[in-house]
Amino acid sequence: MSNDGIVELDGFKLAYSIEGNGEPVLVVGSKVYYPQLFSKQLRKQLKLIFIDHKGHVKPSRDLKPEDYTLDRILEDIEMMREKLCLEDFVILGHSGNAFLALEYAKKYPSYVRKVVLLNSAPTNSQERQEQSISFFNQTASPERKSKFEKDIALLANDMEKEPEKRFAHMCIRMGAHSFYDSTLDATPMWNGVYTNMPVIDYLWGEVFGKLNMIESLTNFEKPVFLGLGKYDYLVGPSSLWDSIEGKLSNVTKVIFERSGHNPMLEEPDLFDSHLIKWIQEDRR
């Protein structure tokens, strides 16, 4: 099953794509980017519903700050849920979008059954970013460091040519931080992915730096799947989550040993088996 559509909200055309069959999983982020990361096999077991948020949509009018507050973005997700008639579903957020998935589940818990948080640090604070840089500097191989130095030297020119795509360019040039295979070129993955930079700058630069998911999970009772990559230098190390051990019984943490920032792409069979088992375990 595949179904595409648009939900227009106050001058923003938020796109969605429904792929596969089975239990519904709402994937928050970019309807263009995220379908590339999940396997065809997973779609045989789960109904993946990919939705845009305003960070990936070109507005038909001038942006206002109130268009993309955290509460407004969460309201947009709720409006998409209503339009798609979703009930009793799993919500999934990857990287920065994990913050949105968890905050949505906290604000609108009625229909959320479970929450999947993939490849995110507990916070995007400056202190945490420095910890991730130290993790890379202390543990990355010489080959990985060399690849990163060559790629990152090209970033300034990329941004000068296409400042409106600087988020995508940064993600591409940070490939040695992102993938277990540090030679992987992510350029094709960003083709056609619109980046609304005022929204992305605000969410990633301000909102996610103030949130802390470990604190948010303290009084959160729904089941949570926390998927992390051992070689995820963007938001690692995975030890940033160590304080939840033995304290949050509702959180299932899985570290993928041969993955960076995208285990669903890098170890699809293992990722699929873990996720499907966890989603279905209380349906039996």
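Looking only at residues of the stretch 223-256 that are within 26 Å of Gln45 (Cβ to Cβ) and more than 19 Å from the chain's Cα centre (by Cα), we find that the one that is surrounded by the most Cβ atoms within 10 Å (Cβ to Cβ) is Asn250. Residues of the stretch 22-34 that are free of Cβ contacts under 8 Å to residues at least 40 places away in the same chain and more than 16 Å from Met80 (Cβ to Cβ): Gly22 alone. Across the stretch 52-70, the number of residues qualifying as without any contact (Cβ under 8 Å) to a residue 40 or more places away in the chain and either crowded, with 18+ Cβ neighbours inside 10 Å or at positive phi (or both) comes to 1. The residue list Ala101, Ala140 contains one member that is of a type in the set (A, V, I, L, M, F, W, C) and within 30 Å of Glu23 (Cα to Cα), which is Ala101. Filtered by the rule that a residue be free of Cβ contacts under 8 Å to residues at least 12 places away in the same chain and among the charged types (D, E, K, R), the stretch 173-214 gives Asp201, Glu206. If the condition is being in contact (Cβ under 8 Å) with a residue 24 or more places away in the chain, within 17 Å of Pro109 (Cβ to Cβ) and either part of a helix (DSSP H, G or I) or among the β-branched types (Val, Ile, Thr) (or both), then the stretch 74-88 contributes Leu74, Ile77, Glu78, Met79, Met80, Arg81. Among the residues of this structure, Met170 counts as one that is within 19 Å of Gly96 (Cα to Cα) and either in contact (Cβ under 8 Å) with a residue 12 or more places away in the chain or assigned to a helix (DSSP H, G or I) (or both).
Selection of first residues in the stretch 143-159 that are under 14 Å from Asp185 (Cβ atoms) and in the same structural domain as Met170 (by TED's automatic domain parsing) and of second residues that are surrounded by fewer than 16 Cβ atoms within 10 Å (Cβ to Cβ) and of a type outside the set (D, E, K, R), restricted to Cβ pairs under 8 Å at least 6 apart or on distinct chains, gives the following pairs, ordered by first then second residue: Lys147/Thr183. A Cβ distance below 9 Å, combined with a sequence gap of six or more or placement on separate chains, defines the contacts here; from the stretch 89-100, residues that are within 14 Å of Val112 (Cβ to Cβ) reach residues that are in a strand (DSSP E or B) and of a type in the set (Phe, Trp, Tyr) in the pairs Val90/Phe225; Leu92/Phe225.
The values are calculated or read from the model by the stated rules, or taken from the named source; none is laboratory data. Fair warning: this is a prediction, and the values are worked out from it, not measured in the lab. Cβ: placed from backbone, ideal geometry, glycine included. Neighbour counts: every protein chain shown.
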